[in-house]
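Undergrad: After the structure tokens below, expect a handful of questions from me.
Please treat every number below as a calculation from the coordinates, not as lab data. On a predicted model such as this, the values are computed, not experimentally measured, just so you know.
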Amino acid sequence: GDGLQAAKAGILEIGDLYVVNKADRDGADQVRRDLRSMLQLGERPEGSWRPPIVKTVASRAEGVDEVVEALEKHRAWMEEHGVLTERRRARAAHEVETIAVTTLRRRIGDLRGDRRLGALAERFLKPRGL
């Protein structure tokens, strides 16, 4: 049930690596199989990254090396395919946009409830002569 909810929420579309912790417990293998099945249902372009599923037992530090290895492989793949550079560029653009919007809001203040907002709305609604 939880796995189906995760798939519905789109969680499986964004992960680069999946870790099934408490792999020593009953049901861990089934969770891994369910994840693999759900990931195979998703459409991914040819040559795209295929997220691995790694089992761990964090309380005993089991599987940590496998997680690190999977992360290193993913980073290498991202560098090779230009994905890392593009993600960094997108993150920087988002940060610049956030700073610009925050600065603009600070400069103009909160117009909600301000008479200036109503005046601007009226100007917008007036027909424009061509």
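Undergrad: Tell me which residues come under 5 Å, amide H to amide H, from E62 once H is placed; ignore anything under 5 positions away on its chain.
TA: Distant-sequence amide H within range of E62: V57.
Undergrad: What ³J(HN,Hα) values, in whole Hz, does the Karplus curve 6.51 cos²θ - 1.76 cosθ + 1.60 give for the range 47-55 when θ = phi - 60°, with x put for Gly and Pro?
TA: x, 7, 5, 9, x, x, 10, 10, 9
Undergrad: Principal axis extents for the range 48-130, Cα atoms only, whole Å, descending order, please.
TA: Cα extents, longest axis first: 69, 35, 20 Å.
Undergrad: Still on this structure, please answer the following. Considering the convex hull of the alpha carbon atoms of the range 36-95, report its projected area averaged over all viewing directions, in nm², one decimal.
TA: Approximately 5.9 nm², given one-decimal rounding.
Undergrad: Separate question: What are the ³J(HN,Hα) values, in whole Hz, obtained from phi via the Karplus relation 6.51 cos²θ - 1.76 cosθ + 1.60 with θ = phi - 60°, for each residue of the range 117-126 in sequence order, with x given for Gly and Pro?
TA: For the range 117-126, the Karplus-derived couplings read 5, x, 5, 5, 5, 4, 4, 5, 7, 5 Hz, x marking Gly and Pro.
Undergrad: Give me the percent relative contact order of the range 27-130, please, defined on Cα pairs under 8 angstrom at least 6 residues apart.
TA: Worked out over the range 27-130, it gives 12 percent.
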